[in-house]
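Nothing in this text is a laboratory measurement; each read-out follows from the coordinates by a stated rule. All values reported here derive from a predicted model rather than from experimental measurement. Neighbour counts run over all protein chains shown; Cβ positions are idealised from the backbone, glycine included.
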Amino acid sequence: MAHSDAVALPLDVSEKARKKGKIFTKRSIPLYLMILPAMIFTIMFQYIPLPGRLIAFTDFRTAGFQGWVGLQHFRFLFNLDYFWNAFINTWRIVLLGYLFFFPAPIIFALLLNEIRVKSFKKVVQTLTVLPNFVNWVVVSTIFISILSPRFGYVNDLIRAFGGEPIFFFSLPRLFPWLLTYLRIWKGVGYSAIIYLAALSGVDAELYESAVIDGAGRIRQTFAVTLPALAPTILVLFVLSFADVFSGLFEPVLMLQNPMINSTAEILDTYIYSVGLVNRRYGLGAAAGLFKATISMTLLLTVNWVTKRFSSEGRGIF
Amino acid sequence: MSLKIDTTGHRIFRVFNGLLLLIVALTMLVPMLSVLKDSLDFQPRSHLRLALIPQEFTLFYYRRVLNDVSVYRPFLNSVLITAVGTALSLFVNSTAAYTMSRRDIRGNVFFVYFLVIIPMVLGGGGIIANFVWFRALGILNTYFVMILPMVAMGFYMIIIRTFYWSIPFSLTESAQLDGASEFTIFLKIIAPLSKAVFAAIALFAGVQYWNNWLYAFMFVHNPRLYPFPVKLRAMLFFTQDAERLLQEWALQQGIDLSEVMVTFEGTASAVIIVSTLPILVAYPYLQRYFAQGVRIGAIKG
């Protein structure tokens with residue numbers, strides 16, 4: 001954040017005049033050429049597939065388009081308990097995510113920021129960032145092994161204290177919590193990087209004057225530190241809605257098994273299995289469109305609310 | 001950061017805080033160390049899992065992994081995908097971000113909407129539409145499907161652009177007065193000053209390609225093209241067969257199975273370590289660029 005604030009904006013009068021002028025100038029053409037590859041890639045993989053959303057209203061087979069069917073797929077889905085179950089499962093995980101996964105790096109960064117022993121701080125940071133770079137394939141295997149009822153050492157500990165071993169990945173009620181824990185385990189240190197960068201930019205004088213005003217440690221946190229973090233938190237909060245559902249696809253796919261599907265089948269895994277595995281493309285696309293509409297509405301709403309209530313009157317985008 | 005006022009309460013807080021963070025760090029470290037230990041240890045499956053030091057040190061499992069010819073091709077596939085993908089991603093996003101960063105030309109806000117905000121809001125075509133489109137393009141079951149869709153990333157563009165803004169515009173202006181072309185300015189002035197952010201983005205993109213399992217899982221069904229994560233997942237599935245083959249191989253190697261216990265978990269752990277090695281090697285080198293390189297500014301600018 002510090003960077004963008006410190007930017008000297010090169011927008012003097014002559015440039016403003018130039019901006020109003022022709023689009024293609026000797027200066028701008030090379031720059032447009034430089035952005036061309038990104039335009040091509042974005043059009044190819046973000047825009048051209050968009051009309052494919054309409055597959056939700058068609059009978060689409062391996063052979064291709066067979067005809068329009070209107071809302072038939074949606075009627076089918078909305079009458080399907082299994083679909084609504086996946087819908088609720090998705091929301092349960094999303095909600096737990098915002099309760100724990102989102103605040104975790106903020107709390108972690110605040111605590112780490114209080115550490116004065118530099119080497120300890122660095123070691124903790126390095127260790128906690130590392131899991132982010134490990135594949136979900138690996139993360140899921142590590143935890144399935146650690147939590148295994150036969151050989152996992154968590155159950156060894158439980159047994160050592162005289163408890164019954166827990167079949168962690170066979171309990172439907174446990175799955176959303178387990179997944180949330182794994183997401184935090186993998187992501188907390190990495191997400192904290194941006195908050196720590198913002199914290200390092202807080203003016204020390206603010207703390208001094210807070211102390212002079214008689215603020216204790218906790219008051220300082222609420223009066224100085226959190227307000228300094230607020231813009232970063234807000235940006236990341238709004239942006240988190242951009243992949244509010246899709247970020248769950250891979251870990252859930254790795255961890256789900258038939259025993260826990262009553263809580264571990266989410267919209268994305270449902271779309272995948274009905275659409276690509278069973279090749280009911282229309283049905284999969286309908287579930288996908290439903291999901292995309294919700295997540296788009298959410299993102300736009302959150303951004304609008306931000307715009308409405310932020311002091312500068314601007315949203316994130 | 002905070003002032004040095006040592007009240008008793010604060011001292012207690014600091015001790016607890018240090019302990020808490022130590023525990024957090026250990027919850028990260030212990031699972032990874034236990035994998036490392038399992039990969040180096042002939043040890044009967046017993047209730048000794050918490051021990052992090054191998055009881056009977058061996059490189060057997062690594063020999064097993066390296067002797068498995070079927071591991072090499074997926075590994076090389078992933079190296080290829082990661083190298084090409086990272087290079088392409090860095091090129092495409094850093095050049096696009098440069099145009100976005102230039103407030104003196106028309107359209108830079110349009111580009112932000114077109115390349116970052118609208119794709120983010122709409123979220124692309126979704127699994128089914130992508131599948132149909134990739135099939136029409138003829139890139140299903142090719143390396144391309146594991147590389148091209150992830151090249152242009154709005155998030156990377158924003159991070160790089162924010163970094164460019166920290167470079168004084170006067171450098172560009174004086175080069176312009178000297179008659180340098182925009183390409184020259186980018187290559188000779190901007191790029192050399194942006195190594196930190198390029199390193200951070202290379203790390204992001206590299207990790208993303210190296211770990212990409214989902215696209216291969218959904219869109220590639222030719223075993224010759226499988227990247228390492230797909231192979232890895234297959235190797236991590238416990239089957240009686242896999243353990244039997246492993247024990248036969250151990251016998252051939254002259255290992256006395258009555259003395260030590262050769263387990264499937266050992267091979268699985270060794271393969272996990274091998275798969276993570278490239279990241280572990282690159283990570284400390286690239287890590288120091290994080291703090292300097294990665295800041296998010298306002299998106300629209």
| From the cross-link list A:LYS121/A:LYS186; A:LYS186/B:LYS37; A:LYS307/B:LYS195; B:LYS37/B:LYS231; A:LYS121/A:LYS307, which pairs have alpha carbons spaced over 26 Å apart? | A:LYS307/B:LYS195; A:LYS121/A:LYS307
| By counting other Cβ atoms within 10 Å of each Cβ, how are A:TYR153, A:TYR47, B:TYR72 ranked from fewest to most? | B:TYR72, A:TYR47, A:TYR153
| query | Given H placed 1.01 Å from N in the peptide plane, which residues other than close sequence neighbours of B:ASP41 have an amide H under 5 Å from its amide H? | reply | B:THR58
| query | Of B:LEU286, A:LEU130, B:SER39, which is farthest on the positive side of the dipole of the protein assembly as shown, counting Cα position, with +1 on Lys and Arg Cβ, -1 on Asp and Glu Cβ, and the Cα centre as origin? | reply | B:LEU286
| field | HN-Hα J in Hz across region B:123-138 - Karplus 6.51, -1.76, 1.60, θ = phi - 60°, x for Gly and Pro | value | x, x, x, x, 4, 5, 4, 4, 4, 4, 5, 4, 5, 4, 6, x
| query | Which of the trypsin sites (Lys or Arg not before Pro) across region A:107-180 are loop residues per DSSP, with 10 or fewer other Cβ within 10 Å? | reply | A:ARG150, A:ARG173
| Counting Lys and Arg as +1 and Asp and Glu as -1, what is the net charge of the other residues whose Cβ lies under 12 Å from the Cβ of A:SER273? | 0
| For region A:203-307, with only Lys/Arg (+1) and Asp/Glu (-1) charged at the beta-carbon, what is the dipole magnitude about the Cα centre, in debye rounded to 20? | 500
| field | Computed [θ] at 222 nm, deg cm²/dmol, chain B (DSSP H ≥ 4; -39,500 (n - 2.57); rounded to nearest 500) | value | -20000 deg cm²/dmol
| Partner chain coverage, peptide A:284-293 - average Cβ within 10 angstrom | 4
| remark: With +1 on the Cβ of every Lys and Arg and -1 on the Cβ of every Asp and Glu, the dipole magnitude of the protein assembly as shown about its Cα centre, in debye rounded to the nearest 20, is 1380
| field | Average beta carbon contacts from partner chains per residue of B:16-24, 10 Å cutoff | value | 5
| Fewest-first sequence of B:ASP256, B:ASP104 by Cβ atoms within 10 Å of each Cβ | B:ASP256, B:ASP104
| Given a Förster radius of 30 Å and the C-beta distance between A:PHE120 and A:TYR98 as r, what FRET efficiency does 1/(1 + (r/R0)^6) yield to the nearest 0.05? | 0.45
| field | Partners for A:LYS291 among aspartates and glutamates (Cα-Cα distance below 15 Å; same-chain residues under 8 apart left out) | value | A:ASP243, A:GLU265, A:ASP268
| message | Please report, in whole Å³, the volume per residue of the convex hull around the C-alpha atoms of the protein assembly as shown. | response | 188
| note | Sequence order, region A:43-55: Karplus ³J(HN,Hα) from phi using 6.51 cos²θ - 1.76 cosθ + 1.60, θ = phi - 60°, Hz rounded, Gly and Pro as x, gives 4, 4, 10, 10, 8, 4, x, 4, x, x, 4, 5, 3
| field | For region A:32-155, convex hull volume per residue from C-alpha positions, Å³ | value | 271
| remark: Note: chain B, point scatterers on Cα, Debye, no solvent; log10 I/I(0) at q = 0.12, 0.13 Å⁻¹ equals -0.99, -1.06
| At a Förster distance of 60 Å, what's the computed FRET efficiency of B:GLN253 paired with A:TRP177, Cβ-Cβ distance as r, to 0.05? | 0.90
| note | For region B:242-248, Karplus-derived ³J(HN,Hα) couplings (6.51, -1.76, 1.60; θ = phi - 60°; whole Hz; x for glycine and proline) come out as 4, 5, 5, 4, 4, 6, 4
| note | A:VAL224 neighbourhood, Cβ < 14 Å, K/R = +1, D/E = -1, net charge -3
| message | Could you tell me the calculated FRET efficiency between B:LEU187 and B:LEU36, based on Cβ-Cβ distance and R0 = 51 angstrom, to the nearest 0.05? | response | 0.75
| remark: Expressed to one decimal in nm², the mean projection of the alpha carbon convex hull of region B:62-180 is 11.8
| Taking only the alpha carbons of chain A, what extent do you get along each of the three principal axes, in Å, biggest first? | 71, 61, 34
| request: With runs of 4+ DSSP H residues as the only contributors, calculate the mean residue ellipticity of chain A at 222 nm using -39,500 (n - 2.57) per run, divided by the residue total and rounded to the nearest 500. | output: -18500 deg cm²/dmol
| Which percent of Cα-Cα pairs in region B:49-102 sits in each 10 Å bin, short to long? | 19, 22, 21, 19, 14, 6, 0
| said: I'd like the orientation of helix B:154-164 relative to chain B: the angle between its Cα long axis and the longest Cα principal axis, in ° from 0 to 90, rounded to 10. | reply: 60
| task | Please list the radius of gyration and Dmax for region A:100-232, considering alpha-carbon atoms only, with Å as the unit. | result | 19.2, 58
| query | With +1 on each Lys and Arg Cβ and -1 on each Asp and Glu Cβ, how big is the dipole of region A:82-307 about its Cα centre, in debye rounded to the nearest 20? | reply | 340
| Between B:VAL79 and B:VAL15, what is the spin-label point distance in nm, taking each point 7 Å from the Cα along the Cα→C-beta axis? | 5.3
| task | For peptide A:136-148, compute the average count of partner chain beta-carbon atoms within 10 Å of each residue's beta-carbon. | result | 6
| query | Which whole-number percent of Cα pairs in region B:132-262 have a distance greater than 18 Å? | reply | 71
| Under 5 Å between amide H atoms, partner at least 5 residues away or on a different chain: which partners does A:THR58 have, H built in plane at 1.01 Å? | A:VAL69
| If you line up the long axis of helix B:72-101 against the longest principal axis of chain B, both from Cα atoms, how many degrees apart are they, to the nearest 10? | 20
| note | Yeah, region A:157-260 with a ≥ b ≥ c from its alpha-carbon gyration tensor (a/c under 1.5 is rounded, else prolate when a/b outruns b/c, oblate otherwise) is oblate
